[in-house]
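Only one structure is covered here, and it is reproduced in the block below.
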Amino acid sequence: MTEDFTNNSMKTIILAEPRGFCAGVDRAVRIVEESLNKFGAPVYVRHEIVHNKHVVNRLAAMGAVFVEELDDIPDGEHVVFSAHGVAKAVVDEAARRNMIAVDATCPLVTKVHVEATRHHEDGAHILLIGHAGHPEVKGTMGQVKPDAMTLIETVADARAIMPADPSQLAYATQTTLSVDDTAEIIAVLRERFPSIKGPRGEDICYATTNRQQAVKDIADQSDLVLVIGAENSSNSKRLVEVAERFGAKQAMLIANADAITWPLVDQAAAIGITAGASAPEELVEDVIAAIANRYQITIKRHVSTTETVTFNIPSVLRS
C-alpha cells in the first residue's frame, strides 16, 4: 500500500522565472541529439555536455559516449566539444587525429575566447576572473600562451596581483559567475589599473544575470529556496549564494526531488524554487510534485523577465 504523506500544512511555492535551460545549454543538447541522428552512435562528447547528470544519462542512453580527454577516443571518430568550450590545443589535436569535431561551445563563451585572443594579439596581459579548475576557465585560458593570462578568483587576488606592465592589461570573466561578486572584483581592478581594458559588452551571460535577478526578487519572500542543479554547476551554486545574500532564511542546492531535505520543507511556509541553466524543467516539475504529495500547495509565479534568445546549431547538422 502506498503511504500517504499529505498533511494539512499549506505551502506556498514561489516559482522564479526565468529558470532552467538557457539558450546555450539547449543548443548544446540539441547538437548531441542531432549528431546522433545524423552520424549514428557512438558520438563521443568531450566532458559532460552540460553539468547535469540527468541530461548526460539521457544522452548516454541514446548513444553518446562521454569522455574527459581525446585520448579516450579512437582516431577518426565524431566528437562534440561541450558547451563550456575547449583550449585551442584540444581543437588542434582533434584535427591532427582526423576526428570529425562539432563544436557545442556556447556562443557567449566563444565571445570571451575571441576577446581574449584579441587582447593577447594587442599585447595585453589578461586577467581572467573565474574559478580554478572549471572547464570554461580551462578552455578560456587555453586560447592564449600559458604566461599570457592570470586567474583572479577573489577580491583579495585582485588587490594582490602585481603585473609586470600595469599599463598593458585587459580582463575577461567566466560567464557563470555571481554578478555582484564579479562587479566588486572589476571595481578593484579598475581602481588599481585605470587603463585596464574590458570586454565589448558584458561577459557574464544574460541567462546567469536573469536567473540571479529572479532569485533576488523572491529571496526575501522565501523561508527556503531550493535551487535545482548539479554540485559541479557553477551557475547553480551561485544561485544558492544569491538567495542567501538577498534574504532567504535558508537556501540549498538539490540535484532532484530525491535530494529534498524534508525537515527543512516542513518548517517553511514559503518555498522559492529555481533551477540552474543546465537543469531541465522536468526536474522542477518532479520537485513540485514531491512537495504536493506531502502538503497542500499554492503556486505563485514570479516573472522577472522573459527570455527570447536562441542560438542556431552548426550548419553541418542542419544540412
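The values are calculated or read from the model by the stated rules, or taken from the named source; none is laboratory data. Every value quoted in this text rests on a predicted model; they were computed, and no experiment measured them. Quick reminder, even Gly has a Cβ in these numbers, built from the backbone with ideal geometry, and neighbours come from all protein chains shown.
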Which of the residues spanning region 56-71 are part of a helix (DSSP H, G or I) and touching a helix residue (DSSP H, G or I) at 6+ places or on another chain (Cβ under 6 Å)? Leu59, Met62, Leu70
Name the residue that is surrounded by the most Cβ atoms within 10 Å (Cβ to Cβ), counting only residues in region 118-151 that are under 22 Å from Glu69 (Cβ atoms) and over 24 Å from the mean Cα position of the chain (by Cα). Lys145
I'd like the residue in region 11-57 that is of a type in the set (Gly, Ala, Ser) and either touching a Cys at 6+ places or on another chain (Cβ under 8 Å) or on the phi < 0 side of the Ramachandran plot (or both) and, out of all such residues, is surrounded by the fewest Cβ atoms within 10 Å (Cβ to Cβ). Ala41
Would you point out which residue out of Ala219, Ala170, Ala230 is outside the structural domain of Val287 (by TED's automatic domain parsing), touching a Gly at 6+ places or on another chain (Cβ under 9 Å) and touching a residue at least 40 places away in the same chain (Cβ under 8 Å)? Ala170
Which of the residues that make up region 144-154 are farther than 23 Å from Ser233 by Cβ and either in contact (Cβ under 8 Å) with a residue 12 or more places away in the chain or outside any helix (DSSP H, G or I) (or both)? Val144, Lys145, Ala148, Met149, Thr150
Looking only at region 270-296, count every residue that is free of Cβ contacts under 8 Å to residues at least 40 places away in the same chain and among the polar types (S, T, N, Q) and tell me the total. 0
Is there any pair linking a residue in region 303-318 that is over 14 Å from Arg27 (Cβ atoms) to one that is of a type in the set (D, E, K, R), with Cβ under 6 Å and at least six apart or on different chains, and which? Val303/Glu17; Ser304/Asp217
Which of the residues spanning region 211-239 are surrounded by fewer than 21 Cβ atoms within 10 Å (Cβ to Cβ), under 17 Å from the mean Cα position of the chain (by Cα) and in a helix (DSSP H, G or I)? Gln213, Lys237
Top-ranked residue in region 240-255 [being on the phi < 0 side of the Ramachandran plot and assigned to a loop (DSSP other than H, G, I, E, B); ranked as surrounded by the most Cβ atoms within 10 Å (Cβ to Cβ)]: Ala248
Return the only residue of Arg118, Arg200 being part of a loop (DSSP other than H, G, I, E, B), among the basic types (Lys, Arg) and under 27 Å from Ala277 (Cβ atoms). Arg200
